[in-house]
1. Mind giving me the nanometre distance, one decimal, between the label points for A25 and D100, set 7 Å out from Cα along Cα→Cβ?
2. When the chain is modelled as a GNM with alpha-carbon springs shorter than 10 Å, which of E132, E82, E144 fluctuates the most?
3. Magnitude of the Cβ-charge dipole of the range 48-125, K/R +1 and D/E -1, about the Cα centre, nearest 20 debye?
4. From the phi angles alone, apply the Karplus equation (6.51, -1.76, 1.60; θ = phi - 60°) to the range 165-172 and give each ³J(HN,Hα) in whole Hz, x where the residue is Gly or Pro.
5. Equivalent ellipsoid semi-axes for the chain, as square roots of 5 times the alpha carbon gyration tensor eigenvalues: give them largest first, rounded to whole Å.
6. Mind listing the phi-derived Karplus ³J(HN,Hα) values for the range 52-61, rounded to whole Hz, using 6.51, -1.76 and 1.60 with θ = phi - 60°, and x for any glycine or proline?
7. Which values, in whole Å and largest first, are the semi-axes of the equivalent ellipsoid of the range 1-113 obtained as the square root of 5 times each eigenvalue of the Cα gyration tensor?
8. If every alpha-carbon in the range 134-200 counts as one equal scatterer, what log10 I(q)/I(0) does Debye give at q = 0.13, 0.15, 0.23 1/Å?
Amino acid sequence: MKSKTLKERREVGTLVCFALEQEAAPFRRLAVKIPDIRILITGIGARNAEKSVRQFIGKHLTKRVFTCGFAGGLDPELENGEVVYMTGYPALEEKLAEADATLAMFVSAPRIATTVAEKQQLRAATGADVVEMESEAILAVCREKKIPSAMVRAISDTADEDLPLDFNALTRADLSLHPGKLAWAIAKAPWKIFALIRLYRRTSFAAQQLANVLAKAVW
């Protein structure tokens, strides 16, 4: 009886991964009504994502994985808050298409694309529609473990806009945002506060749009 209880505790129908709690928060509120689901905050970047997902899958029997969060737009047609996906699994593709997500080509990069010029270079070099940092590492683990998986992201910044700061220069060694560096960057350029507030509103909108699509797709 104890063995059966342990097995049941370790079984997970759907694992939904996010790099940041800000990305996950709206979906977390909706997910309380969804059975058999777990949310995992991996941290930023491929290394953190791979480590977190590998540890989770090592302890849980996971049936499917969604790697989610924000993405930068490379295709000029993509708008803020638009939810895009890519997967090689027909059943997941059907679910995501029915949930009003848009099929797109992804590229996983080692850094945040902060300028229009950088986005244009990525678009030209890869042909991708969106850029993010964690999904390919997560999907590689899923392929190794033969777990169906999908990338699902919401556009936080479009192809034609620069981010207000170079966030790559404001991180710790683990790629988490360093509050002191952020405060110093703002102190040196206080006029950027308004752009940061605008970015916060746009990312909050993107996170809610992502949550709405995911809630439909994982049910």
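Read-outs: derived from the displayed coordinates by stated rules, not from any lab. What you see is a predicted model, and the numbers here were worked out from it, not measured in a lab. For neighbour counting, all protein chains shown are included, and Cβ atoms are generated from backbone atoms with ideal geometry for every residue, glycine included.
1. Modelled inter-label distance: 2.3 nm.
2. Of the options given, E144 has the highest mean-square fluctuation.
3. Result for the range 48-125 is approximately 640 debye, rounded to the nearest 20.
4. 9, 7, 5, 4, 8, 10, 10, 7
5. So the three semi-axes of the chain are 30, 19, 16 Å.
6. Working through the residues one at a time gives 5, 5, 4, 5, 5, 5, x, 10, 9, 7 Hz.
7. So the equivalent ellipsoid measures 27, 17, 13 Å along its semi-axes.
8. Ignoring solvent entirely, the Cα scatterers give -0.56, -0.69, -1.03.
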